[in-house]
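The values are calculated or read from the model by the stated rules, or taken from the named source; none is laboratory data. This structure is a prediction, so every number in the text was calculated from the model and none was measured. Cβ: placed from backbone, ideal geometry, glycine included. Neighbour counts: every protein chain shown. Calculation scope for accessible area: heavy atoms of the full protein, side chains included, ligands and nucleic acids excluded. Shrake-Rupley method; radii C 1.70, N 1.55, O 1.52, S 1.80 Å.
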Amino acid sequence: DAEGVDPAAIAKGARPLALVDMIVDGGTMQNLVQILHTIALARRVDWNAVQRRLRIVGLTRRTHNSPNTWRWHQHQDWLQLIGDTQIKNVSATTDFLSYLGNDQDKVTQSFHAGRWQTAESGAPATTPAQRAAIAHAAFLYDLGRTRDERHALAACVARLPEMRSPATRALVGALKRG
């Protein structure tokens, strides 16, 4: 509730809420959506309004692209709870995802299901490594907002074979326009 991730805040928020997670099988996202649904029912919050305001972004391991490729969100019974929710996947190499999820310093403690019912309140104290990770993330965010960095990224993307795709060309154009 304090972070604005309760069903009422999601339903009435000025902007949709995007939930981003590294997806292996979808279990964490399932738990979170089911908890939001349970709370919405208990508090009599319009679940349809909540699910229309949710966005899910799954960071997934890049595999071959074909109609037969296994996609996590096509095999989840719980997605019937959020039929109006937009789900997008961002695929990356296994090495990159491993770097993000296992090697890079974390900005917060892992908030796994075992901690969901603990008596902790407020944000726990951060460690020096976490503060360094937060500073690094802020630096990268600020860098990514600069004209030079956007143009450099656009130039890199423009050299890829994916430039044949209208969506990729539109992305490069948007990066150049800023």
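Assorted remarks:
- Selection count, segment 145-167, where residues are touching a helix residue (DSSP H, G or I) at 6+ places or on another chain (Cβ under 7 Å) and within 25 Å of Tyr99 (Cα to Cα): 6
- Long-range neighbours under 8 Å by Cβ, at least six apart or interchain, first residue part of a helix (DSSP H, G or I) within segment 25-51, second of a type in the set (Lys, Arg): Ala49/Lys12
- Tally of residues being without any contact (Cβ under 8 Å) to a residue 40 or more places away in the chain and within 24 Å of Ala9 (Cβ to Cβ) across segment 54-78: 4
- Reported count of residues in segment 121-178, each being closer than 30 Å to Glu3 by Cβ and open to solvent by 100 Å² or more (accessible area, probe 1.4 Å), is 5.
- Applying the condition of being β-branched (Val, Ile, Thr) and in contact with a helix residue (DSSP H, G or I) (Cβ under 6 Å, 6 or more places away or on another chain) to segment 70-99 and asking which residue is most open to solvent (accessible area, probe 1.4 Å) yields Ile87.
- In segment 1-51, the residues that are exposed (fewer than 12 other Cβ atoms within 10 Å of the Cβ) and closer than 16 Å to Trp72 by Cα: Asp25
- Count - residues of segment 52-69 that are touching a Phe, Trp or Tyr at 6+ places or on another chain (Cβ under 9 Å) and exposed (fewer than 12 other Cβ atoms within 10 Å of the Cβ): 1
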